Structure formats: C-alpha cells, structure tokens
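S.K.: Quick one: structure below, then a few questions.
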Amino acid sequence: MRLSMTSDLWWKNAVVYCLDIETFADGNGDGIGDFRGAIQRIDHLDRMGVTCIWLMPFFPTPDKDDGYDITDFYNVDPRLGTLGDFVEFMRVAGDRGIRVIADLVVNHTSDQHPWFKDARSSRDSRYRDWYIWSDKPEPDDPGGIVFPDEEDSLWEYDEKTEQYYFHRFYRFQPDLNTANHEVQDEISRILGFWMELGLSGFRVDAVPFLIEQVTDSDDLPDPHEFFACLRAFLSRRDGSAILLGEVNLPYDDLVRYFGNDLGDEITMCFDFITMQRTYLSLARQDAGPLAAALRERPAPPKDSQWATFVRNHDELTLDKLNDAEREEVFAAFGPDKDMQLFGRGLRRRVPTMLGGDMDRIKMVYSLLFSLPGTPVLFYGEEIGMGENLELEGRQAVRTPMQWTPHRNGGFSDADPSKVRIPMPTGEYGPEKVNVSAQERDPDSLLSWITRLIRHYRDCPEFAWGDYTVLDTGVDAVFAHRADCDGETVVAVHNLGETEAEVEITLDGLDSSKVLTDLLVDGTVEISGDGRARFPMGRYGCRWFRASTPETAPADSADVS
Ligand code: NOJ
C-alpha cells in the first residue's frame, strides 16, 4: 500500500461536492429543498465516490443573497428543516463514510440579525462595536465594490444613529468588526458548535475581506494571527478538521493564507488562477495559459492543498485575466451580454459554454480530476446541467437538481407553481438531463465522472505528487506527470478539436517501463531515453501509469 493511500490527510485527495439544501431535493413536498430530501440522495453521492459534502449556507436567513445573509449562526432555516434533520443528515453521510463541511460566513451578517438590529438601535448598544461605523463614508475604491450591479458604495447611512456602516457586499450585509475580541470569540463559538454536531470543517467565505483594514482607526488583528488562531482552535477540537478558503487573489498574496511552512492557517485554498487560465486555454485551444499557471503556482505547505474547480455557485469569475483575455473567453463561451455578469464573469454552466459537445465536456472533467489538487464539484455538474438565463444574475446556475424526467425533475412532489426556482427547459431540461437516465447509461457524463473519480482515487499521485508540466510538441495538448512514492502517473488532454500525434519525454523513465492506459485498454512504450509517442483524439484524454510491462518491451521502442 502506498504511503499516501494510508495517510490521515484526507483532504489531500478528497472529492468535494458542493450542494445547496434549498435546491437539492425536497423531502416534504413544499417546493423547497430540505435536509430530509437531501438525506434520501446521499447514496447518489456515495455511488459517485464523493468523499466530502460542502453544504452551502443553511442557516436562518431572509435569503436575499442565497443564504449568505444570516440571522442566526446556531440554527437551521425552518424552510430547510430542523437541527434534528441536520443531525440525521450527518449520521447518514457519516454512515457512508462521507465527511461534511459547511460555509462559514462571518465576514458579515444579515441586517436582520439581532446583533445588527441592536447595534443600530443606539450608539451605546452593546453590539455597536460588533460592526464598522464611521461619521463619513470613507472614499470607496470602485474596484472594491463586489456587486456593482446593485451597489455604488461600501457605506450605508443609518438614519437613526447618524453614522455610516460598512458593507463589503450588499447593503443588507453589514460587515462584522473582526478586530473586536468578542466577535472573534463568537466566531470560535460558531465553529465549535457545528463541530460538536459533526462537521469536518468549513468553507470560509470571503477570506481576504474578513480581516481587511477598513478605516484608519481599525485595530485589526494581524490577518495571519487571526487565521492561525482560528485554525488552532479548530485543530484543538478536531485535528483532522479543515478550513477551505475562498481566496481569489494573485498567487503571491494567496499563498500566504496557507500560513507558515507547516500550513498553520487555511488548509486548502481554491485555485481561482488555474481555473481562469483553463478557460482561456479552452477558448484558444492552446494549452499555454494553463501550463503557465501551473508552472507559476507556488507549492503549498506540505499538509496543505489546492482546491481545483471549473464551476461554482457564483458567476464564473474571469477577474484575474486581462481585459483582452477576458473578452476572448466571453466571445468563446458567453458572447451575449445576458450571459455575462458584473463585467467580469459568466453566468453559465460548463456544458452550455461548450456548446453541448460531450467529448469536450468529458475532456474538461478529465482534466479537472487529473489536475494537481483536490477537485470540487458543484451539484449538477455530474449530469451536465445547464443554466436558466431567464433568472436574475447568479441565480441562473442555482436551479434545482434534476433527478428524473418526471414532474419538477424529481426534485419535488409539489405543484410546479410552488417550485420557486424554475429549471431550464428544452435541451437542458430534466426530460433530457437527469440522474436516473444517466445512471443507466454507461456512456453518460455521470458514468464518466464516476469512473474519473474512481481513477483519481486510485491515483493519489495526481493530488499529492510533485507535478511537472510536460512539453508535447502540439500547442493544443496539455500534459503533466505526477510523481509520488516512486510511482509516476501521466495525464494528457487535447484541448483542440483536431486529432494530434504527441511526443513527451519522461525524465527518469526508460524502456523498462510502459505507460499503461487507465481510462481505456492500451499501452504506450517508452524509449530508452524516456520518450513516448502516441495519438490523441479530438478533445481526447488519456491517463497513464508507468508500470513494468507484463512482457518485456523491445530494446528500444520505435519513437523516432
Ligand atoms: C462569496 C459567496 O461565494 C457569494 O455567493 C456571496 O454572495 C458572497 N461571498 C457574500 O457572502
């Protein structure tokens, strides 16, 4: 057994699946997803090979920002169930060996949170200093306004107490003052509460904003001390619990959030840079941008990890590309203004962006599962769900999960008029795209992703190993190898629509080994000087393991 397979660093090669209880499955027939419904569907995730569920916010909320506006950090929104249902969900997931993490949204609260209501009732409120107040709005950095469609300032005037409060996001999400020790203690209490109920960690919302210096008078904790303390608290309670951080920053700034050489802060950070460059590569059918991103990417501390993804619940942000690059991706994958959002992203899902080309879609997920890091899927990706552009903003990609071709796509038994968020219709409607049909079809995307997950788990080298981007001699073809514990795996992806013949050189390997195909039957010989040559189909993907051939290869393979 290879060392990495027996390790307790479970997050290093986890398969994380993000879902929103509200849109996953409705167990009580009221048209809204709930914990009872989700419990019934955990076996779907188990069959796929998911090892960790990330629950989007399920706490009491006025729901003006899809639950990211919280009014009680210690409860379950009554629309979604009860604490009892939550515990039952945890039990069933645990029974299948699936860990659960949840969003930790403590950069801000809802303006309806009792703390904020109290804080704005008087300047003498006990909670006044839990938020950030100023007599005059500080100058706004327009680039710092996260939702420019609805906000033009980061400060909102409060008539009663005649001061402005700070809100990094919408005006109904006042920022908590994390410089306040009581707020810091409360954040730990929130973590502790949910860990007692079995969570294995948290996806930390808006990490850089959590500790940002807003006014000159802010006495903020050192950001790294803040996260190191949080992580230390977490680890004291459960040494295997993780923080998965939303840190969309350039690599040099980003890597600091992992903490010291031992990785004592955020355990895993989403790799927004590789994600964005992947789309540029796909648009250009040129592996260059992706290869450059991975070559630039700093190595995380030993026990830390990158989280890789191709889609999440927000707009597909392209904010780290330059204007011309972003326009290229827009032109390729979302040319209509209506498909774009905030001038920086796309509100589409992967299959529609790729014109429904199943070979290309499958190649993208093969790439995702082979990239160095821990892959994170957004619900519905496994069946190739599309978006509903009739819905406002980011809601387009947050439609209910499509389980069957039947009423409400099997999401709910309710009268369709009660299902608040309409699913896509036509080619991407539940009649065409659903779990039950794809479970029966060995060529479906669901079957493909299930296979990819199996191979990804069988090849911990991809997640754990030292990786090297390889030259292929063909612009459109991206290849990388990963080495760990004396084993080598190689993945090759053709981002282009034309077939190609590629040649890679594998330093340290020679004709005593062959490359054994993992996704199909086949082998490729390696020459005495480590070269391997093979064909790649249109949008083709091949995963190999370097292994000792069953029959001795010819002295030198013909790769001249
Ligand atoms: C980041 C989340 O991903 C997004 O959905 C949310 O609107 C903001 N944080 C504010 O919480």
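The values are calculated or read from the model by the stated rules, or taken from the named source; none is laboratory data. The model shown is predicted, which means the values in this text are computed figures rather than measured ones. Cβ placement follows ideal geometry from the backbone for every residue including glycine, while neighbour counts extend to all protein chains displayed. Ligands, DNA and RNA are excluded from the accessible area calculation, which covers all protein heavy atoms including side chains. Shrake-Rupley method; radii C 1.70, N 1.55, O 1.52, S 1.80 Å.
S.K.: Looking at region 39-57, is at least one residue surrounded by fewer than 20 Cβ atoms within 10 Å (Cβ to Cβ) and either within 15 Å of the ligand (Cβ to nearest atom) or closer than 30 Å to Pro223 by Cβ (or both)?
M.R.: Scanning region 39-57 turns up no residue that is surrounded by fewer than 20 Cβ atoms within 10 Å (Cβ to Cβ) and either within 15 Å of the ligand (Cβ to nearest atom) or closer than 30 Å to Pro223 by Cβ (or both).
S.K.: Pick from Ser412, Ser366: which is surrounded by 24 or more Cβ atoms within 10 Å (Cβ to Cβ) and either out of contact with any strand residue (DSSP E or B) (no Cβ under 7 Å at 6 or more places or on another chain) or on the phi > 0 side of the Ramachandran plot (or both)?
M.R.: Ser412
S.K.: Looking at (1) open to solvent by 20 Å² or more (accessible area, probe 1.4 Å); (2) out of contact with any Phe, Trp or Tyr (no Cβ under 6 Å at 6 or more places or on another chain), can you tell me which one Val100 breaks?
M.R.: (1)
S.K.: Can I ask one more? Listed residues Ala414, Ala396, Ala437; which is assigned to a loop (DSSP other than H, G, I, E, B) and not assigned by TED's automatic domain parsing to the domain that holds Leu519?
M.R.: None of the others qualify; the one that does is Ala414.
S.K.: While we're looking at this one, here's another question. Hey, can you tell me all the residues within region 355-382 that are within 16 Å of Asp20 (Cβ to Cβ) and touching a residue at least 40 places away in the same chain (Cβ under 8 Å)? Don't jump to the end; show me each part of the working.
M.R.: Start the filter on region 355-382 by keeping residues that are within 16 Å of Asp20 (Cβ to Cβ), which leaves 376-382.
The answer is Val376, Leu377, Phe378, Tyr379, Glu381, Glu382.
S.K.: While we're here: Taking the residues in region 133-190 that are of a type in the set (Phe, Trp, Tyr) and not in a loop (DSSP other than H, G, I, E, B) as candidates, determine which candidate is most open to solvent (accessible area, probe 1.4 Å).
M.R.: The selected residue is Tyr157.
S.K.: Any residue in region 488-500 that is open to solvent by 40 Å² or more (accessible area, probe 1.4 Å) and not in a loop (DSSP other than H, G, I, E, B)?
M.R.: no
S.K.: With respect to Trp448, is the statement that it is at pLDDT below 95 and more than 16 Å from Asp286 (Cα to Cα) true?
M.R.: Spelling it out, it is not the case that Trp448 is at pLDDT below 95 and more than 16 Å from Asp286 (Cα to Cα).
S.K.: Oh, and also: Residues being part of a loop (DSSP other than H, G, I, E, B) and touching a residue at least 40 places away in the same chain (Cβ under 8 Å): count how many of those fall in region 191-214.
M.R.: As a first pass, look at region 191-214 and keep what is part of a loop (DSSP other than H, G, I, E, B): 197-200, 205-206, 211-214.
Those left that are additionally touching a residue at least 40 places away in the same chain (Cβ under 8 Å): 197-200, 205-206, 212, 214.
The qualifying residues number 8.
S.K.: Right, here's the next one. Could you tell me whether region 292-304 includes any residue that is at pLDDT 95 or above and within 17 Å of the chain's Cα centre (by Cα)?
M.R.: Yes, region 292-304 contains at least one residue that is at pLDDT 95 or above and within 17 Å of the chain's Cα centre (by Cα).
S.K.: Residues that are outside any strand (DSSP E or B), free of Cβ contacts under 8 Å to residues at least 60 places away in the same chain and not aliphatic (A, V, I, L, M): does region 100-110 have at least one?
M.R.: No, because not a single residue in region 100-110 is outside any strand (DSSP E or B), free of Cβ contacts under 8 Å to residues at least 60 places away in the same chain and not aliphatic (A, V, I, L, M).
S.K.: Any chance you could count how many residues in region 172-198 are out of contact with any helix residue (DSSP H, G or I) (no Cβ under 8 Å at 6 or more places or on another chain) and within 14 Å of the ligand (Cβ to nearest atom)?
M.R.: Summing the residues that are out of contact with any helix residue (DSSP H, G or I) (no Cβ under 8 Å at 6 or more places or on another chain) and within 14 Å of the ligand (Cβ to nearest atom) in region 172-198 gives 2.
S.K.: Further question: In this structure, is Phe169 within 16 Å of the ligand (Cβ to nearest atom) and farther than 21 Å from Asp129 by Cα?
M.R.: Judged against the criteria, Phe169 is not a match.
S.K.: Could you tell me which numbered condition Asp66 fails, if it satisfies all but one of (1) more than 16 Å from the ligand (Cβ to nearest atom); (2) surrounded by fewer than 20 Cβ atoms within 10 Å (Cβ to Cβ)?
M.R.: (1)
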